[in-house]
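Novice: Structure provided below as structure tokens; questions to follow.
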Amino acid sequence: MRRLWNASLTGQWIILMFAALLVSHVSFHFIYRAEQARAVLELRRDEVLARAIAVARLVGTVEPDLHPEILRATNTGVVRLWLDTGPVADAVRWQETAREHLLVSPRPPAASELTINPGLRWRDLPGESGFLAPIRMLDLNAWNGFGLAIPVQESLWLHTVYAKPQSVSGPPWSYYLSLGITATLLTLVALLVARRVGRPLRQLAASAESLGRGEEWEPLPEAGSDDIRLTTAAFNRMQTRVRRFLEDRTRMLASISHDLRTPITSMRLRAEFLEDPEEKEKFIASLDEMQTMTEATLAFAREDAASEPTRMVELNALVESLCSDLLELGWDVTYLEAPRTPWRCRPNAMRRALRNVIENAVRYGGRAQVFFESRDDGIDLIVEDEGPGIPEADRERVFDSFVRLEDSRNRNTGGAGLGLSIARSILRSHGGDVSLGEGAKGLRVCLHLPGVDT
């Protein structure tokens, strides 16, 4: 039930509909039984009262020898009559006597159903005349009945008890047929409403997921109810603003990197006129480093600005092809074959991210071993090297732009410090991430790829 509740909006609607129907059915059942019991008891009371009055008047006009025959002819399985010469006893004692008479009837109720209630009190019935004293009545709700005491003569009382526990039947079969038809109709209504509401929500979720992965996505149709339409319109506006912000940021970054080339070139020309060879060499080395950082930033901005479409690719083939290309260039790269792994991504961007990680592994760890690991929430693409690794305290810092660790990364052979930063940016734009850890012999780089589409 909980799985159905969490599965979809349709399941929640069906559960709520059936819960409401069940509550209404149970409530109606108890109300129906209580109302039916009250109506039947009132009808029986009038009937038994009329019979008891008739018997009392008959007993008062015939010889005492005929009294037992009259009572025997009048008694039934649920109505018992007897005569007593004394006045009306207290309620508890009277209930005990009535219980004994009921238990010897032709169809006696269960003894456990005839419990004695010490809190009952006799009451007089108004409107009944023709007797020496008022007719007295005792409500026996626990027995689904009542008791009567009628004064026949000055020293003779007729006592009557009616008891029929569990006498109320359930609703007729037509009620259950109506219940089944109602449940079917409510289920159909729930399905139609849930589909009408759920379809735009699923489209919204798919669009949000695609936007988070950097995919191109057309604006959603703004249709349906007011709530859904306003939500969709707000999402479309947000999508437009996010894309505009990213485009403006990328354009600004590219412009800054491009504009820096002119002053760097001018400073390089001025450096040629320095007379001190040592200062000249240091100054030119700094300019070269600035030039490298500027070129790397400009290249990243240009690639980031390129709108590469997202498509389904065979990830295993893409990784294997990249490893083969690097192996032909003389890089020590080992790829462990993996099963077929289809995945939606921007292939060129993924290839660049993986190449940055593999080149770092070979450059600073001597060799790279690439393989896949399956996870419940996706797959991990692992790159391990045999280098000195990175201290745990610095594993997040190396993802910052232009950061290189001097104690574990050689500045003379290193790049601009954008490799891991670019790789993480690309993976996160696909909904994944990049993390560092301890490998079998060196550093372990994990590229997590979520939600593999099959």
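Novice: Hey, among the residues in region 276-321 that are open to solvent by 40 Å² or more (accessible area, probe 1.4 Å) and part of a strand (DSSP E or B), which one's modelled with the highest pLDDT?
Specialist: Among those residues, the one meeting the criterion is GLU314.
Novice: Turning to a different aspect of this structure: Does PRO165 fit the bill of being closer than 16 Å to GLU42 by Cα and either open to solvent by less than 20 Å² (accessible area, probe 1.4 Å) or not in a strand (DSSP E or B) (or both)?
Specialist: It is true that PRO165 is closer than 16 Å to GLU42 by Cα and either open to solvent by less than 20 Å² (accessible area, probe 1.4 Å) or not in a strand (DSSP E or B) (or both).
Novice: Tell me, yes or no, whether region 257-273 has at least one residue that is at negative phi, at pLDDT below 70 and open to solvent by less than 60 Å² (accessible area, probe 1.4 Å).
Specialist: Yes, region 257-273 contains at least one residue that is at negative phi, at pLDDT below 70 and open to solvent by less than 60 Å² (accessible area, probe 1.4 Å).
Novice: Step by step: first the residues of region 359-379, then only those that are over 41 Å from the mean Cα position of the chain (by Cα) and hydrophobic (A, V, I, L, M, F, W, C), then the one that is surrounded by the fewest Cβ atoms within 10 Å (Cβ to Cβ). Which residue is that?
Specialist: Step by step, filter region 359-379, then rank; the result is VAL362.
Novice: If you take the residues of region 433-450 that are outside any strand (DSSP E or B) and open to solvent by 30 Å² or more (accessible area, probe 1.4 Å), which of them is farthest from TYR364 (Cα to Cα)? Step through it out loud before you land on a result.
Specialist: Narrowing region 433-450 to residues outside any strand (DSSP E or B): 439-442.
Of the ones still in play, those that are also open to solvent by 30 Å² or more (accessible area, probe 1.4 Å) are 440-441.
Values: ALA440: 16, LYS441: 13 Å.
Out of the qualifying residues, it is ALA440.
Novice: Kindly establish whether ASP90 is modelled with pLDDT under 90, closer than 23 Å to VAL152 by Cβ and surrounded by fewer than 16 Cβ atoms within 10 Å (Cβ to Cβ).
Specialist: When the stated conditions are applied, ASP90 passes them.
Novice: Are there any pairs with C-beta distances below 6 angstrom linking a residue in region 221-237 that is touching a residue at least 12 places away in the same chain (Cβ under 8 Å) and open to solvent by 90 Å² or more (accessible area, probe 1.4 Å) to a residue that is part of a helix (DSSP H, G or I) and of a type outside the set (Ser, Thr, Tyr), with the two at least 6 apart or on different chains, and if so which?
Specialist: These pairs meet every condition: GLU222/ARG229; GLU222/ALA233.
Novice: Still on this structure: Within region 322-341, work out how many residues are surrounded by 13 or more Cβ atoms within 10 Å (Cβ to Cβ) and either small (Gly, Ala, Ser) or within 40 Å of the chain's Cα centre (by Cα) (or both).
Specialist: Final tally of qualifying residues: 2.
Novice: Of the numbered conditions (1) in contact with a strand residue (DSSP E or B) (Cβ under 8 Å, 6 or more places away or on another chain); (2) part of a loop (DSSP other than H, G, I, E, B); (3) modelled with pLDDT of 85 or more; (4) not hydroxyl-bearing (Ser, Thr, Tyr), GLU386 fails exactly one; give the number of that condition.
Specialist: (1)
Novice: Can you tell me which residue within region 168-189, out of those that are at pLDDT below 75 and surrounded by 13 or more Cβ atoms within 10 Å (Cβ to Cβ), is nearest to the chain's Cα centre (by Cα)?
Specialist: For region 168-189, the residue satisfying everything is LEU179.
Novice: Kindly provide the set of residues from region 60-98 that are closer than 18 Å to ARG136 by Cα and either of a type in the set (Lys, Arg) or part of a helix (DSSP H, G or I) (or both), ordered by number.
Specialist: The answer is ARG80, ALA91, VAL92, ARG93, TRP94, GLN95, GLU96, THR97, ALA98.
Novice: Still on this structure, I have one more. Yes or no: PRO106 modelled with pLDDT under 90, open to solvent by 60 Å² or more (accessible area, probe 1.4 Å) and in contact with a Gly (Cβ under 9 Å, 6 or more places away or on another chain)?
Specialist: Criteria met by PRO106.
Novice: Could you check, for region 133-144, whether at least one of its residues is open to solvent by less than 70 Å² (accessible area, probe 1.4 Å) and among the charged types (D, E, K, R)?
Specialist: Yes, region 133-144 contains a residue that is open to solvent by less than 70 Å² (accessible area, probe 1.4 Å) and among the charged types (D, E, K, R).
Novice: Of everything in region 395-427, what is modelled with pLDDT under 85, surrounded by 14 or more Cβ atoms within 10 Å (Cβ to Cβ), among the charged types (D, E, K, R) and not in a loop (DSSP other than H, G, I, E, B)? Give them in sequence order.
Specialist: Listed by number, the list is empty, since nothing qualifies.
The values are calculated or read from the model by the stated rules, or taken from the named source; none is laboratory data. Since this is a predicted model, take the numbers as computed values, not measurements. For neighbour counting, all protein chains shown are included, and Cβ atoms are generated from backbone atoms with ideal geometry for every residue, glycine included. With ligands, DNA and RNA removed, areas are computed over all heavy atoms of the protein, side chains included. Shrake-Rupley method; radii C 1.70, N 1.55, O 1.52, S 1.80 Å.
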